[in-house]
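Below is one structure, written out as structure tokens; comments come after it.
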């Protein structure tokens, strides 16, 4: 997720570093996709690891 955020900032040209990524929309878009993938991954993992209610029978 951190890498995605960095790519967004560089791609949007908000942090000019002299990189080939500066000001290029493709990197900002790829950063958004990477950030969203990270968020989805965290949500899925939390739902999988949610403790089950002891009163509910296991499947």
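Before rounding to the nearest 500, sum -39500 (n - 2.57) across all DSSP H runs of length at least 4 in the chain and divide by the residue total; then give [θ] at 222 nm in deg cm²/dmol.
-19500 deg cm²/dmol
Where does each of 6-15, 19-28 land if you order them by average Cβ count within 10 Å, highest first?
Values: 6-15: 17.2, 19-28: 14.7.
Per-residue Cβ counts within 10 Å, averaged per peptide and sorted highest first, yield 6-15, 19-28.
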- request: Please determine, in degrees from 0 to 90 and to the nearest 10, the orientation of helix 25-48 with respect to the longest principal axis defined by the Cα atoms of the chain, where the helix direction is its Cα long axis.
  value: 10
- request: Mind jotting down the three principal axis lengths of the chain based on Cα atoms? Whole angstrom, largest first.
  value: 58, 15, 12
query: Any idea what angle helix 2-11 forms with the longest principal axis of the chain, computed on alpha-carbon atoms, 0 to 90 degrees, nearest 10?
result: 30
- prompt: Can you give the relative contact order of the chain as a percent, counting alpha carbon pairs under 8 Å and 6+ residues apart?
  reply: 32
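FYI, it's all coordinate maths here, none of it is from the lab. A quick note: this is a predicted structure, and the numbers were derived from the prediction, not measured. Note: ideal-geometry Cβ built from the backbone for every residue, glycine included; neighbour counts use all protein chains shown.
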